[in-house]
Amino acid sequence: MRKKIIPLFIFFCVVLCIELASAQTNVDSLLNAAIQKAQQGKYQESLHDANRALQNDPSRADIYVFAANVYSWSQKNDSALIFIEKAKEMNYLNDDFYSSYLNILL
């Protein structure tokens with residue numbers, strides 16, 4: 001019985017690791033697509049991709065900062081402040097955060 005459980009356990013661990021890696025790649029792919037669209041001035045499409053990425057991984061404070069920047073570039077500073085505050089709550093306090101926060105406030 002034990003010989004059957006160990007391979008099954010290993011199989012599920014491998015599948016779980018592959019799923020987690022795939023989900024991370026999907027979030028990164030969505031963020032990269034959002035960045036490209038923002039660079040092209042397609043802010044609404046960029047925000048759509050960024051929000052999809054956040055739905056898949058709401059712990060990514062860097063995406064909140066990115067979305068705050070896009071809202072700011074779109075002259076939607078109220079929305080930008082909501083997203084930058086979320087990154088602040090997540091303790092994502094680095095140069096990107098402070099630079100974005102300053103740009104939004106100015």
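Quick notes on this structure:
- Residue in region 77-89 that is in contact with an Asp or Glu (Cβ under 6 Å, 6 or more places away or on another chain), assigned to a helix (DSSP H, G or I) and not basic (Lys, Arg) present: no
- Within region 20-32, not a single residue is among the polar types (S, T, N, Q) and surrounded by 15 or more Cβ atoms within 10 Å (Cβ to Cβ).
Every number here is computed from the coordinates shown, using simple stated rules; none is lab data. Remember, it's a predicted structure, so these values are computed and weren't measured experimentally. With ideal geometry, Cβ positions are generated from the backbone for all residues, glycine too; neighbour counts draw on all protein chains shown.
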